[in-house]
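Structure first, then comments.
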Amino acid sequence: MLYDRNCLEGKRILITGGGTGIGKGLARHMAAHGAQVHIWGRRAQVLEEAAAEINREVGERVFWQAVDIRNYEAVDAAVGEIWDNYGPLTGLVNNAAANFIAPTKDLSPRGYEAIASTVMDGAFFTTQCAGRRWIEQGLKGSVVSTLVTWIWTGSPYVVPSAMAKAAVNAMTMSLAVEWARYGIRLNAVAPGPFPTDYAWQMLNPTADSSVGATQADQVPMGRFGEMSELGNLVLLLLSDGADYITGETITIDGGHHLAAPSTFAGLNSMSDEQWAQAKAAAKAASEKSKAQRSV
Ligand SMILES: CCCCCCCCC/C=C/C(=O)SCCNC(=O)CCNC(=O)[C@H](O)C(C)(C)COP(=O)(O)OP(=O)(O)OC[C@H]1O[C@@H](n2cnc3c(N)ncnc32)[C@H](O)[C@@H]1OP(=O)(O)O
Ligand SMILES: NC(=O)C1=CN([C@@H]2O[C@H](COP(=O)(O)OP(=O)(O)OC[C@H]3O[C@@H](n4cnc5c(N)ncnc54)[C@H](OP(=O)(O)O)[C@@H]3O)[C@@H](O)[C@H]2O)C=CC1
């Protein structure tokens, strides 16, 4: 362990999308360093199993709520429940997201909305509901959002995601200034590829789509990132040791975006037929996950 295993003792951290992938890895990392962690997602069973798995390793530190972050009332009520039943949050990780690869000309308004509203509205709602309470109660807080290097480079075939992540980057810089006087810090991380089950089903659904952003051989360091590496960075930003860092988005990508291509530009060569196959594969995965939703 890089950090003392009790360095987050007394911290209470909400991680949206904490039941799977990177969010679950972050929940494990923060809980293993002494924090109480609250995880959100739309699938009760997935959250319950993730919390139980981590709690078997660290003791009763992880709690869950089924919340759709696109629903402001639900977000406000769930943040209120944490405050009432456990105490004030000290940190928030805006990690939940939606994404899939698609040619932009074929995106329906609902397809655009599913991605943009989850990434942008969800992060705003959750940040505002925590931030308002911190300000009213004179408490400090730390917000860390999981972005991507496309906020600087853009990326074809994931345009709603690139747009919405750029908006959350703007929120990070803006509120860092507006809320600094309250002791509230906002930062973000921009990871390169950290393969997770669902993201790879959405972003690399067929053999033909295995180019560009999702490939380890395109990373100068020649490998994917490891969860503990991302965990250590997010832990630092959530800790009191980083009290003078705000408004920053820190890349953690083994040099990927500086060497390019860290985008989906490589998908330019896919034919309409290959796109149809990619869409069918991604949709089959999303239907399966949808069937498990409780909110
Ligand atoms: C730099 C280094 C980089 C490293 C490489 C990695 C970089 C990662 C950066 C970011 C990564 C991520 O965010 S990865 C996150 C991946 N995780 C997730 O997406 C989790 C949440 N996902 C979901 O809930 C679903 O998969 C998703 C489809 C997105 C949303 O579900 P909803 O129930 O809200 O929506 P649905 O009703 O199913 O669909 C809404 C509309 O979208 C359309 N739609 C759905 N799937 C579609 C698809 N594959 N292609 C086209 N269109 C699709 C539908 O037809 C609907 O439109 P109509 O037909 O008009 O009705
Ligand atoms: N994996 C990677 O290489 C990279 C990932 N990222 C970012 O990291 C984050 C995590 O991605 P990753 O772990 O790979 O993917 P996952 O699909 O595993 O994680 C997404 C999470 O968000 C939750 N979620 C989605 N929509 C909602 C909603 N409306 N309300 C509440 N929760 C929701 C999902 O749970 P549920 O479906 O149950 O709601 C799921 O737990 C994302 O922000 C992504 O953009 C950035 C760069 C690289």
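The values are calculated or read from the model by the stated rules, or taken from the named source; none is laboratory data. These numbers come from a predicted model, not from an experiment. Heads up, the Cβs are rebuilt from the backbone with ideal geometry, glycines too, and the neighbour counts pull from every protein chain shown.
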Checklist entry - Going by the structure shown, is A213 more than 22 Å from M120 (Cβ to Cβ) and either at pLDDT 95 or above or surrounded by 18 or more Cβ atoms within 10 Å (Cβ to Cβ) (or both)? => result no
Item to check | Residues of the stretch 93-128 satisfying the condition of being within 13 Å of ligand 2 (Cβ to nearest atom) and either of a type in the set (D, E, K, R) or over 18 Å from the mean Cα position of the chain (by Cα) (or both) | outcome: E113, D121
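Taking the stated definitions as given, is M221 within 13 Å of ligand 2 (Cβ to nearest atom), among the aliphatic types (A, V, I, L, M) and at pLDDT 95 or above?
In short, no.
What residue, of A31, A66, A97, is touching a residue at least 24 places away in the same chain (Cβ under 8 Å), in contact with a helix residue (DSSP H, G or I) (Cβ under 6 Å, 6 or more places away or on another chain), within 15 Å of ligand 1 (Cβ to nearest atom) and under 22 Å from E226 (Cβ atoms)?
Details: A31 fails: within 15 Å of ligand 1 (Cβ to nearest atom); A66 fails: under 22 Å from E226 (Cβ atoms).
After ruling out the rest, the residue left standing is A97.
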Item to check | Residue satisfying all of: in the stretch 66-94; crowded, with 20+ Cβ neighbours inside 10 Å and among the polar types (S, T, N, Q); farthest from L147 (Cα to Cα) among these | outcome: T90
Checklist outcome for this item: Within the stretch 26-44, the count of residues that are within 8 Å of ligand 2 (Cβ to nearest atom) and not charged (D, E, K, R) comes to 2
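Quick one: how many residues across the stretch 240-295 are charged (D, E, K, R), touching a residue at least 12 places away in the same chain (Cβ under 8 Å) and either loosely packed, with under 13 Cβ neighbours inside 10 Å or within 11 Å of ligand 1 (Cβ to nearest atom) (or both)?
4
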